[in-house]
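Heads up: the structure comes next, in structure tokens.
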Amino acid sequence: MIGMADSAEGVTQEDSHTESRADGISGSLRSLGTYTQESTEPALSPADLPARSRKAFLRHMIGQLAEPVQNRIRALRHNQLQQVRISEQFFREVYELERRFYGQSCALFDARRDILEGSVEPPIQTEKTWPEDPQDALYLDFGNNEELRQLRQKLAPVSPTTLGVPRFWLTVFQNVPLLSELVQDHDEPLLESLMDVRLAYDQDSYMVIFQFRPNSFLHDSSLLLTKRYFLQHSADPEYPFLFEGPEIVRCEGCHIHWRDGSNLTLQTVESRRRNRAHRVTKVMPRESFFRFFAPPQALDLSLADEKTKLILGNDFEVGFLLRTQIVPKAVLFYTGDLVDSLSAASPDSRSLSSEAEQEQVL
């Protein structure tokens, strides 16, 4: 009996050990399953935090480091500031190169103007020295697209005897979203008279010059309209690590001498006052491309209201676009070769950094 009891006890202990091992394996598998499930989720990183929280967390992280390590971080920031000084010199020289090489292109811009105006007829072009895009043959569904039909109806017929390229600059402006937003229907007759757009470089500024043919809107003394953009070539002392090249910091327009009753930036509105039979005529401002030449003045942008900052920020983008894309490459916007080239803003076009953007970097 004792032997049987011992045997039964041995069997019981073995079964218990087996069950224990099975439980251990099951537990390990469950743990492995849990670990595998958790590991499929991406680990949280500071980049997942909002900008302000990320900045606060990283400052906290640095604050937890030992003082010798923090000192090394400070040394690296001084190192970075020296790189900023080198970048300032680099971009200054790049701007000077741009200024010099623009002068070499002026003869080509003269030839472009002469062809557009019809004063020079170019030789017959029998060869294309540029590659054709296989997607150039695009299908236009005029039957099912109302916008396309409306645009086609606006296309003015051009006689075979017409000189030059009619409506060239107006068409260029209408093909570029940022500029098209400025052009109103009542601006088009005057912009049809625009014959050339040029640049004039100074050391710390550049001017965009719009030359018009004699017309019924502008007095002869205002056939040249100008817009000057002032550049800052050095880093902002308060935010030096944001420096990415020269920034537009201010702009100046010009006075437009309109012919009587032809000011496109104003409109006459008639209204009837309450309890009065007669109408009152008022002259009110209205949207117009030519408001571009009368930007708001804000010598200290930090003190400007949000509306002024928004207007100037958009104005600075237009000025940068005219200088770097529209003036040197106008025909490519006319033909659509560069229709997709402006989908991403160039870093150099940043002119008014919001406080949130500054906090992300600093």
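Descriptive notes on the structure:
- Residues (under 16 Å from F210 (Cα atoms) and either part of a helix (DSSP H, G or I) or among the charged types (D, E, K, R) (or both)) located in the range 175-192: L179, D187, E188, P189, L190, L191, E192
- Any hit, the range 240-248, residues being in contact with a Pro (Cβ under 7 Å, 6 or more places away or on another chain), within 19 Å of N314 (Cα to Cα), open to solvent by 40 Å² or more (accessible area, probe 1.4 Å) and touching a residue at least 12 places away in the same chain (Cβ under 8 Å): yes
- If the condition is being open to solvent by 40 Å² or more (accessible area, probe 1.4 Å) and free of Cβ contacts under 8 Å to residues at least 24 places away in the same chain, then the range 214-229 contributes P214, D220, L224.
- Some residue of the range 211-230 being assigned to a loop (DSSP other than H, G, I, E, B), farther than 25 Å from D114 by Cα and not acidic (D, E): no
The values are calculated or read from the model by the stated rules, or taken from the named source; none is laboratory data. Because the structure is a prediction, the values reported are computed rather than measured. Please note: Cβ atoms are built from the backbone with ideal geometry, for glycine as well, and neighbour counts cover all protein chains shown. Side chains included, ligands, DNA and RNA excluded: accessible areas come from the protein's heavy atoms. Shrake-Rupley method; radii C 1.70, N 1.55, O 1.52, S 1.80 Å.
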